[in-house]
Amino acid sequence: MAQPSTLGMLPSVGAIAPQLRFVRQDKSNAELSELKGQVVLLLSVPSLDTSTCATETRTFNQLATGLGAHVLVMSMDLPFAVKRFCETEGIANVHTGSDFRFRDLSEKWGAAIAEGPMQGVHCRSVWVIDKEGMIRYHELTPELGSEPNYDAALQAVKSLLESVSV
């Protein structure tokens, strides 16, 4: 199944990351702007309750060990469902955010699927955001059920981290 169309234009490379408010597992509010000064690997997934999203989250959890970037997985899942998933799967190296309250990823980032049986949930997309808040890498998977290019995303993160440390 091809990646369905989204409600808006997804932010692209070279753009400043739009406002992104989200809800943590403990139901507290957070904002992407709080992470300024860090390299952020932002993952947009339909639901952690699907096999591809679960696999993607588990894989990035493993790959994030020692990476030096803030990995944030966003979905429309409710915080208690996300917490249960993370506890069950032993997810400790990635952070999660729910878009259910503010819908910034859905509306300001345009990541909500516009039509069909998955209407309203997020598309599968990856962004790498530099320490100043500029998007340096973006991937929208060609198929909703496809995993992202892990190597390309990690290379984008590592190149940002290396350029800062030199």
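The values are calculated or read from the model by the stated rules, or taken from the named source; none is laboratory data. Computed from a prediction, not measured in an experiment: that's the story for all the values here. Reconstructed Cβ throughout: ideal geometry from the backbone, glycine too, with neighbour counts over all protein chains shown. When the accessible area is computed, the model is the full protein with side chains, heavy atoms only, and any ligands, DNA or RNA have been set aside. Shrake-Rupley method; radii C 1.70, N 1.55, O 1.52, S 1.80 Å.
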Is the range 93-101 home to any residue that is at pLDDT 95 or above, of a type in the set (Lys, Arg) and within 11 Å of Val45 (Cα to Cα)? no
With the range 31-134 as the region, which helices (runs of 4 or more DSSP H) entirely inside it contain at least 1 residues that are in contact with a strand residue (DSSP E or B) (Cβ under 6 Å, 6 or more places away or on another chain), farther than 26 Å from Ala2 by Cβ and of a type in the set (Val, Ile, Thr)? 79-89
Report yes if Leu48 is open to solvent by less than 30 Å² (accessible area, probe 1.4 Å), within 25 Å of Lys158 (Cβ to Cβ) and modelled with pLDDT of 95 or more, otherwise no. no
Using the structure shown, decide if Leu35 is in contact with a His (Cβ under 6 Å, 6 or more places away or on another chain), of a type outside the set (Val, Ile, Thr) and crowded, with 17+ Cβ neighbours inside 10 Å. yes
Determine, yes or no, whether Leu140 is open to solvent by 30 Å² or more (accessible area, probe 1.4 Å) and in contact with a Gly (Cβ under 6 Å, 6 or more places away or on another chain). no
Answer from Thr65, Thr55, Thr88 - the residue that is modelled with pLDDT under 95, β-branched (Val, Ile, Thr) and open to solvent by 30 Å² or more (accessible area, probe 1.4 Å): Thr65
Is at least one residue of the range 147-163 open to solvent by 50 Å² or more (accessible area, probe 1.4 Å), touching a residue at least 60 places away in the same chain (Cβ under 8 Å) and under 21 Å from Leu105 (Cβ atoms)? yes
Close pairs (7 angstrom Cβ cut-off, 6 or more residues apart or separate chains): under 17 Å from Arg24 (Cβ atoms) in the range 61-74, crowded, with 21+ Cβ neighbours inside 10 Å and of a type outside the set (A, V, I, L, M, F, W, C) anywhere: Leu72/Gly97; Val73/Thr57; Val73/Thr96; Met74/Ser44; Met74/Gly97; Met74/Asp99; Met74/His122
Show the residue pairs meeting these rules: Cβ distance below 8 Å; 6+ apart or different chains; first residue within the range 100-116 and under 24 Å from Asp26 (Cα atoms); second residue open to solvent by 30 Å² or more (accessible area, probe 1.4 Å) and charged (D, E, K, R). Arg101/Arg21; Phe102/Arg21; Asp104/Arg21; Ala112/Arg103
